[in-house]
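Data block below; observations after.
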Amino acid sequence: DLAFIKLSVLFFFSRQKCLMSACVLLAGLLATVATATESGLSSQLLASADALAADDECHNVTSPEYGGGQCGTSMLQMRGQKMKGEQAGFFGCCVAFTDRADSCGTCDAHGWHPFSYCSGSEERCKHCGGAWCSEDRLPRPTPAPTKPPVLAHTNHHGWWTGTYTTGYWDCCKPSCAWPGKGNVNRPARSCDANNGATLFDPMVRNVCMGGSAATCEDHQPFAVTRHLSMGFAAVSWSPSYHLRGDHSCGQCFELQFVPMEHREEGGYGGADPRLVGKRMILQVTNTGDDVSGYHSFDIQIPGSGQGAFKHGCNSQFKGFSSGDFDCNSAYGGCSDEGGCSRLPPALQQGCKWRFEWFHWLQNRGKTDNPFVNFRRVKCPRQLTQLSGSQPLDDDHYPEADVH
């Protein structure tokens with residue numbers, strides 16, 4: 001009948017195009033409809049499927065694995081997914097701009113999400129605190145230079161080599177806290193921005209998009225010994241290094257800091273000599289399209305920069321200005337340990353870790369985005385107890401020395 005035909009079409013596209021949790025749920029719901037058409041429930045379930053298909057934050061995912069498909073809940077939003085309408089006059093919601101008086105003309109490249117929940121209608125955009133803009137009113141970006149292909153290498157011990165790390169802390173709900181991410185027992189934790197309590201509903205909206213789900217305070221990096229720290233990080237689509245965006249959610253990696261410098265601008269940064277040889281074990285709880293190529297991990301470190309999302313933290317921690325969370329430097333963060341005093345007390349320990357263990361900018365521009373060798377390892381309980389999430393294939397990987 002007509003309902004079953006509608007079911008078949010929707011189910012096909014949900015399997016072909018959907019990546020994230022709303023779409024996974026949609027596919028499951030449609031499969032249920034397939035077995036229920038003869039029982040008289042099909043029309044009711046199809047109505048629910050229509051509502052689910054239209055609900056929540058959907059994004060255009062263009063990685064090769066997903067065939068350039070479109071769909072998904074809000075996972076890439078907090079790490080700066082860059083998208084444009086395909087035709088002039090296409091309307092969408094800008095949620096990050098530098099001048100309220102000219103919101104569309106000063107829209108940040110990370111703030112334009114034409115396929116997001118907020119861009120579903122002008123009313124939704126207003127609810128998200130954004131500006132309703134047409135694509136042809138936005139500033140034209142300078143084309144990025146063509147980058148050479150990434151050639152991944154491993155050393156004789158099987159570690160991936162030649163990549164570097166950065167840091168961020170934007171207080172947004174981690175991407176991996178949404179359902180349907182990675183091969184894990186459950187999504188990563190997020191916390192209520194109002195009281196810090198763990199949220200058990202993975203569908204609570206991101207604080208950076210007007211909701212109340214935020215990064216948990218205890219996801220800061222911490223030292224285990226003088227030579228080992230642990231923490232959490234964002235990755236993206238870097239298949240050359242077996243980093244696969246949402247599929248990497250929950251996975252853990254052991255990093256070893258190495259004495260390499262960046263070649264750009266005549267050479268800069270890298271690891272302070274006191275950091276070289278130290279190790280760090282990270283669990284992936286977030287994703288971001290700005291973490292790609294030779295850029296492997298974006299480590300969650302309070303005070304290291306909020307990036308494009310500058311209002312999540314002061315929504316979570318009332319009484320602080322946005323600039324307090326990164327010393328008014330959205331990309332780079334606080335340049336000395338004294339700046340950590342501007343952060344809420346709950347975040348100061350992680351900020352100080354950046355200077356006391358990581359040695360940020362303490363020796364002629366080092367440490368600054370240090371290079372690492374890394375490998376996948378079994379997640380230590382010190383991390384899974386904090387994240388609440390553990391990969392189901394963890395037993396296939398070696399245990400790292402945590403002493």
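The values are calculated or read from the model by the stated rules, or taken from the named source; none is laboratory data. Because the structure is a prediction, the values reported are computed rather than measured. Reconstructed Cβ throughout: ideal geometry from the backbone, glycine too, with neighbour counts over all protein chains shown. Note: areas computed on protein heavy atoms with side chains; ligands, DNA, RNA excluded. Shrake-Rupley method; radii C 1.70, N 1.55, O 1.52, S 1.80 Å.
Which condition from (1) over 15 Å from Y164 (Cα atoms); (2) out of contact with any strand residue (DSSP E or B) (no Cβ under 6 Å at 6 or more places or on another chain); (3) at pLDDT 95 or above; (4) not β-branched (V, I, T) is the one that K310 breaks?
Failed condition: (3).
Only residues in region 237-254 that are within 12 Å of S296 (Cβ to Cβ) count as the first member; pair them with residues that are at pLDDT 80 or above and assigned to a loop (DSSP other than H, G, I, E, B), Cβ under 7 angstrom, at least 6 apart or cross-chain, and list the lot.
What qualifies is S248/G182.
Any chance you could count how many residues in region 172-219 are polar (S, T, N, Q) and out of contact with any Lys or Arg (no Cβ under 8 Å at 6 or more places or on another chain)?
Going through region 172-219 one residue at a time, the tally reaches 4.
Which pairs do you get when a residue that is over 15 Å from I299 (Cβ atoms), found in region 209-220, comes within reach of a residue that is assigned to a strand (DSSP E or B) and open to solvent by 10 Å² or more (accessible area, probe 1.4 Å), reach meaning Cβ atoms under 8 angstrom, with the pair 6+ apart or on two chains?
So the pair list comes out as S212/D192; A213/D192; A214/D192; C216/T198.
Name the helices (runs of 4 or more DSSP H) wholly inside region 293-403 in which the number of residues that are of a type in the set (V, I, T) and open to solvent by less than 60 Å² (accessible area, probe 1.4 Å) is 1 or more.
By residue number, 381-387.
Cβ contacts < 9 Å: first residue under 30 Å from V184 (Cα atoms), restricted to region 266-286; second residue of a type in the set (D, E), any location; separation 6+ or different chain. Result?
R279/E254; R279/D401; M280/E254; I281/E254; L282/E254; N286/D298
For G196, indicate whether it is touching a Cys at 6+ places or on another chain (Cβ under 9 Å) and at pLDDT below 95.
Here the answer is no, as G196 does not meet what is asked.
Given the condition among the β-branched types (V, I, T), at pLDDT 95 or above and open to solvent by 20 Å² or more (accessible area, probe 1.4 Å), answer yes or no: does some residue in region 275-286 qualify?
To start, the set of residues in region 275-286 that are among the β-branched types (V, I, T) comprises 276, 281, 284-285.
Restricting the remaining residues to those that are at pLDDT 95 or above gives 276, 281, 284-285.
Those left that are additionally open to solvent by 20 Å² or more (accessible area, probe 1.4 Å): 276.
Scanning region 275-286, I find at least one residue that is among the β-branched types (V, I, T), at pLDDT 95 or above and open to solvent by 20 Å² or more (accessible area, probe 1.4 Å), so the answer is yes.
Got a sec? Which strands (runs of 3 or more DSSP E) wholly within region 176-284 have at least 1 residues that are within 30 Å of K318 (Cα to Cα) and hydrophobic (A, V, I, L, M, F, W, C)?
Filter on region 176-284 gives 222-225, 228-235.
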